[in-house]
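Enquirer: Pasting a structure below so you can have a look.
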Amino acid sequence: MNTVVHSTHSRASGRDDFAVVGGGLCGRLVAWLLAGAGRRVALYDRGDAAGTQSAAWVAAAMLAPLAEAASAELLITELGAASLERWPGFIADMPEPVFFQRHGTLVVWHAGDRAEAPLFERRLRANAPSELFQDGFVKLSGAQVTAAEPALGTRFPQGWLLPNEGQLDNRQVLTALAAGLAERNVDLHWNTSVDTPPDARFVIDCRGLGGKPAWPALRGVRGEVARVHAPGIGLTRPVRLLHPRYPLYIAPKQDDLYVIGATEVEGEDMSPVTVRSALELLSAAFAVHPGFGEARILELNSQCRPTLPDHRPAIVWDGARTLRVNGLYRHGYMIAPEVADSARALAEALLGGVISDPDSFDDWRRQARWSALLRCEHAAPVL
Ligand SMILES: Cc1cc2nc3c(=O)[nH]c(=O)nc-3n(C[C@H](O)[C@H](O)[C@H](O)COP(=O)(O)OP(=O)(O)OC[C@H]3O[C@@H](n4cnc5c(N)ncnc54)[C@H](O)[C@@H]3O)c2cc1C
């Protein structure tokens with residue numbers, strides 16, 4: 001059921017409660033949640049309503065907290081697990097349909113790369129909460145891999161099914177949120193680059209890597225993906241291939257569309273995909289299923305993941321009227337519901353005067369579920 005919450009203020013009078021700058025994934029969600037709570041919100045993005053300027057446009061949008069534990073710490077996997085539970089409710093409240101699937105991730109490796117498997121499993125067990133393993137990690141024989149994903153035939157001698165993981169269609173989320181923002185009466189400024197704070201009671205900076213001028217520690221981590229149309233292959237869930245040089249995933253979306261990704265290269269290079277990366281991505285897909293040899297390449301895309309030094313997201317209050325939400329790195333879709341809702345809650349506490357100085361911020365922070373994400377620039381460091 002769709003929920004429509006109109007602003008408690010008329011657009012004609014007074015200042016906005018919040019100006020959200022940057023309407024990629026995070027900014028759209030924060031603005032949509034605040035407007036849903038009855039706040040008067042404006043949103044500014046230098047790109048279009050489709051979201052083509054954002055990292056969110058390029059992403060594969062896998063919601064894989066356990067598989068990501070191979071490289072992510074416990075906080076990220078916990079945020080991911082909690083967010084995965086919230087996506088269906090969020091999507092139900094959006095005015096347009098979004099492909100969402102919770103059908104698991106399949107992890108496979110070729111016989112020659114079997115040494116990768118115990119390393120990967122060890123990292124998962126070190127970084128993920130033990131609850132995620134209960135019914136969430138199933139070892140498969142070759143025959144069971146075939147039964148789980150018949151398209152793979154007998155190519156893989158073993159595998160793991162992580163049955164609770166999910167994925168969604170990133171571009172449908174961006175479009176549905178754009179419609180949801182309009183429905184919730186958010187004042188939308190697409191194709192508007194903002195470098196000085198707009199007039200509003202509070203500004204929420206969600207510019208992703210575009211926020212670097214205000215946050216020099218931010219860096220970009222380049223990622224490249226291929227989007228291909230491959231009728232007749234019929235994978236039903238994301239497949240991750242363990243490989244010493246080309247670890248990759250293939251995420252099947254609707255209508256025989258597959259997102260094959262992703263490289264991870266330090267640097268803020270937004271130039272087109274290199275030949276080397278295209279060869280690696282497409283060869284690895286071909287090795288998973290030779291049917292990809294006949295796939296049609298729809299797009300080769302690159303973007304940069306906005307990343308902080310500790311690879312964690314952060315929500316920072318400047319002690320005055322600006323909140324910055326950033327650092328979602330390679331987990332934006334996986335953790336966005338909890339991060340955006342934490343930002344929403346903090347923004348509401350500022351607007352309502354519950355937080356007015358570093359002491360009241362600290363009190364508020366102590367009771368917050370994801371207190372590790374929250375910082376006040378003027379507060380003493382919290383150990
Ligand atoms: C190749 C790749 C694959 C990925 N795969 C996954 C995945 O499978 N699962 C997952 O969970 N995450 C994935 N991600 C990560 C995810 O896309 C990001 O974490 C997420 O998009 C970050 O959201 P954000 O809103 O902070 O930044 P963005 O989505 O980049 O949005 C920032 C917005 O700010 C706007 N902006 C910037 N500067 C200004 C300005 N001066 N004025 C106005 N607007 C401005 C931009 O136009 C943009 O729309 C992937 C990312 C990449 C690059």
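Values quoted throughout were computed directly from the atomic coordinates according to the rules given, and no laboratory measurement underlies them. Only a predicted model underlies this, so the values are computations on that prediction, with no experimental measurement involved. Virtual Cβ from ideal backbone geometry, glycine too; neighbours counted across all protein chains shown.
Enquirer: Arranged by the count of other C-beta atoms within 10 angstrom, fewest first, what order do SER130, SER283, SER83 take? Show your work: numbers first, answer last.
Expert: On the way: SER130 8, SER283 12, SER83 23.
Ascending number of Cβ neighbours within 10 Å: SER130, SER283, SER83.
Enquirer: Positive end of the dipole of region 199-342, charges at C-beta (+1 Lys, Arg; -1 Asp, Glu), about the Cα centre: which of PRO309, LEU281, PHE202 has its Cα farthest in that direction?
Expert: Farthest towards the positive end: PRO309.
Enquirer: In debye, nearest 20: dipole of the chain around its Cα centre with unit charges on the Cβ of K, R (+) and D, E (-)?
Expert: Working: 38 positive and 43 negative charges, 61 e Å.
With Lys and Arg at +1 and Asp and Glu at -1, about 300 debye.
Enquirer: Now for a separate question. Efficiency by 1/(1 + (r/R0)^6): what FRET value for ARG245 and ARG296, r their Cβ-Cβ distance, R0 = 25 Å, to the nearest 0.05?
Expert: Values: r = 26 Å, r/R0 = 1.04.
Once rounded, the FRET efficiency stands at 0.45.
Enquirer: About the Cα centre of region 64-153, how large is the charge dipole given +1 on each Lys and Arg Cβ and -1 on each Asp and Glu Cβ? Please answer in debye to the nearest 20. Don't jump to the answer; show the numbers that get you there.
Expert: Numbers: 7 positive and 12 negative charges, 63 e Å.
That gives a dipole near 300 debye.
Enquirer: On C-alpha positions alone, give me the angle between the axis of helix 358-367 and the longest principal axis of the chain, in degrees, nearest 10.
Expert: 40
Enquirer: Same structure, new question: Counting each DSSP H run of 4 or more residues in the chain as -39500 (n - 2.57), what helix-only mean residue ellipticity at 222 nm follows after dividing by all residues, to the nearest 500 deg cm²/dmol? Don't skip to the answer; put the middle values down first.
Expert: Working: 10 runs with 116 residues, N = 383.
It comes out at -9500 deg cm²/dmol, rounded to the nearest 500.
Enquirer: Using +1 on the beta carbon of Lys and Arg, -1 on that of Asp and Glu, and nothing else charged, what's the dipole of region 9-110 about the Cα centre, debye to 20? Walk me through the numbers before you get to the answer.
Expert: On the way: 8 positive and 10 negative charges, 68 e Å.
Here the size comes out at about 320 debye.
Enquirer: Using +1 at the Cβ of each Lys and Arg and -1 at the Cβ of each Asp and Glu in region 131-278, identify which of VAL259, PRO238, ALA148 lies farthest towards the dipole's positive end.
Expert: The residue sitting farthest along the positive end of the dipole is ALA148.
Enquirer: Rank VAL221, ALA340, PRO95 by how far each Cα sits towards the positive end of the charge dipole of the chain (+1 on Lys, Arg Cβ; -1 on Asp, Glu Cβ) and give me just the farthest.
Expert: VAL221
Enquirer: Taking the chain as a Gaussian network, where each spring joins two C-alpha atoms under 10 Å apart, which residue of ASN170, ASN326, ASN127 fluctuates the most?
Expert: Looking only at ASN170, ASN326, ASN127, the biggest GNM fluctuation is shown by ASN127.
Enquirer: Among VAL325, VAL30, VAL98, which one moves the most in a GNM of the chain with springs linking Cα atoms closer than 10 Å?
Expert: VAL98
Enquirer: Here's a follow-up. Rounding to the nearest 10 and keeping the result within 0 to 90°, find how far the Cα-based axis of helix 332-351 lies from the longest principal axis of the chain.
Expert: Taking Cα atoms only, the helix is inclined about 10 degrees.
Enquirer: Compute the angle between helix 25-36 and the longest alpha-carbon principal axis of the chain, please, reported from 0 to 90 degrees and rounded to the nearest 10.
Expert: Taking Cα atoms only, the helix is inclined about 50 degrees.
Enquirer: Two decimals is fine: what is log10 I(q)/I(0) at q = 0.14, 0.16 Å⁻¹ for region 134-178, from a Debye sum with one equal scatterer on every Cα and no solvent?
Expert: -0.49, -0.57
Enquirer: Hey, what do the phi angles of region 163-172 turn into as Karplus ³J(HN,Hα) couplings, whole Hz, using 6.51/-1.76/1.60 and θ = phi - 60°, x for Gly and Pro?
Expert: Result, ordered by residue: x, 9, 7, x, 7, 9, 8, 4, 6, 5 Hz.
Enquirer: Based on the alpha-carbon gyration tensor of the chain, what equivalent-ellipsoid semi-axes (square roots of 5 times the eigenvalues) come out, in whole Å, largest first?
Expert: That gives 37, 22, 19 Å for the three semi-axes.
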